Amino acid sequence: MKSEESNKLVSIIVPCYNEEEVLPEFYKRSIAAADAIQGWNHEWVFVNDCSSDRTSNILAALAVNDSKVKVINLARNRGHQVAVTAGLDFAHGDAVVIIDADLQDPPEVIARMLGLIEEGFDIVHAQRTQRPGETKFKLWTAKFFYAMLRKIGDVKVVENAGDFRCVTKPVADTMRAFREPHRFLRGMFTHLGFEQCILQYDRDVRHAGESKYPFMKMLKLAADAVFSMSSAPIRSIMWAAGLTWGLGLAYLVYSMIVFFVSGINEPGWTSAVFLMTMYTGLILMSIAVIGQYVGRVFEQGQGRPLYWVSQTHNIDPKQFKQKIPEVVLAKRTALGDRAVDSSTISEPKVFLAKRPSEGWASAAQIHKEESASA
Ligand code: UDP
Ligand code: MG
């Protein structure tokens, strides 16, 4: 057996949103699984996606007792894909694993993933062979969604693979450079290239709690997948326009023939209304599709940070800051023990300064108050 020092490091990223019911069991089971992996040390990068339950307290307690537990608390709920990105920005292991907190992805699979990394693969996609506990609706929509994405996507995504994935350090470093605000990580990882492989596993039912992906969030993820991975929708407008234009032309020719042959002037009310609504529908649909892309260009142009951090445990904020310059550490002096390095705070970037109940104040204001009281 190799000594601890010669072991490689695997960073395990766990996005958490209101997972108080599963976290203790997740930690217990995952730590047993991670400890059993030969040749690898591990660290946990828990990203609390601004949960409103006791997730933050549970993670803080875990961090006190275990220095391998690193915690990043986001100041606002930014969604699963961004929470994983925050974890990726910090994780600095030789390999990086992304796993859900709800034990649907069995942590015991990580050992097999690392085995494939040692064999020379750079990206190991975990593909679900069974998905017990999922509704028929979710299974059916997922099947339809992947089939559609395969057809129109410029990049092929691995069917039935969620975000449970293991990648090497170079892949994680490369991914850090991709900063689009609308993220579909599974497609983006496939897009990176490198040596990829698929590892099949049986997905479990959620250990406790409810899915944090309600229908609207699923829909948003699907839109992000389509519009960020494919330009087919915008190209399809041209085909649809050509088709309706052709239909209109055919109708014109037909009316003229009828007029010249029989001399009858078509009453034409129904067809006129039909054509009008069809064209209006097409125009509105085209604007909506273009709007999806324009909206994304707008958001990208704003250049906002993907997320901002309110508090960390077992992570030196400076180290974090160097790695990702756009991370903003919100100064929360009114809340006491927040990890703050005032040299890293530049006024326009600080959004959250005091509790809403105490009235919002800018960081400069608080700074003034502090210097006055000092
Ligand atoms: N999650 C998150 N932010 C959100 C929603 C979900 O970090 O806004 C996390 C959640 O805690 C879980 C993972 O993303 O670890 C997957 O969510 P969930 O299990 O609810 O999705 P499902 O498996 O039902 O698709
Ligand atoms: Mg789940």
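Computed over the stretch 192-291, the quotient of the alpha carbon radius of gyration and 2.2 N^0.38 Å is 1.89. Per residue, the convex hull around the alpha carbon atoms of the stretch 121-178 comes to 109 Å³. Write out the trypsin sites (Lys or Arg not before Pro) in the stretch 121-171 meeting two conditions: DSSP loop, and at most 14 other Cβ atoms within 10 Å of their Cβ. Within the stretch 121-171, the qualifying trypsin sites (Lys or Arg not before Pro) (loop, at most 14 other Cβ atoms within 10 Å) are 156.
Candidates 47, 37, 13 compared by Cα position along the dipole of the stretch 4-54: farthest toward the positive end lies 37, with charges placed on Cβ.
For the stretch 106-151, GluC sites (Glu not before Pro) meeting the loop criterion (DSSP other than H, G, I, E, B) and having at most 10 other Cβ atoms within 10 Å: 119. Take the Cβ atoms of residue 135 and residue 257, set R0 to 56 Å, and the FRET efficiency comes out at 0.55.
Kirkwood hydrodynamic radius of the stretch 116-257, from the reciprocal of the average inverse Cα-Cα distance over all distinct pairs: 17.8 Å.
Estimate the FRET efficiency between residue 147 and residue 195 by the formula 1/(1 + (r/R0)^6), using the beta-carbon distance for r and 22 Å for R0, to the nearest 0.05. Mind dumping the intermediate values first?
Details: r = 26 Å, r/R0 = 1.20.
The pair residue 147/residue 195 has a calculated efficiency of 0.25.
Placing a label point 7 Å from the Cα of residue 293 along the Cα-to-Cβ direction, the residues of the stretch 212-252 with a backbone N closer than 15 Å are 226-241.
Using θ = phi - 60° in the Karplus curve 6.51 cos²θ - 1.76 cosθ + 1.60, the 3J(HN,Hα) couplings for the stretch 182-198 round to 9, 10, 10, 4, 5, x, 5, 5, 4, 4, 5, x, 6, 8, 10, 8, 10 Hz; x is entered for Gly and Pro. Farthest toward the positive end of the dipole of the stretch 40-106, out of 91, 101, 63, is the Cα of 63, where the dipole comes from beta carbon charges about the Cα centre. The string of couplings for the stretch 217-225 from the Karplus curve (6.51, -1.76, 1.60, θ = phi - 60°) is 5, 4, 5, 5, 4, 5, 5, 4, 4 Hz, one whole number per residue in order, with x for Gly and Pro.
Sequence-distant contacts, meaning Cα pairs under 8 Å at least 6 residues apart, place the relative contact order of the stretch 22-158 at 24 percent.
Separation of the alpha carbons by more than 21 angstrom is noted, of 8/70; 136/156; 28/136; 136/217; 151/220; 28/138, for 136/156; 28/136; 28/138.
Every number in this text was worked out from the coordinates using simple rules, so none of it is lab data. As the structure is a computational prediction, the values presented were derived from the model and not from experiment. Don't worry about glycine lacking a Cβ; one is built from the backbone with ideal geometry, like all the others, and counts go over all protein chains shown.
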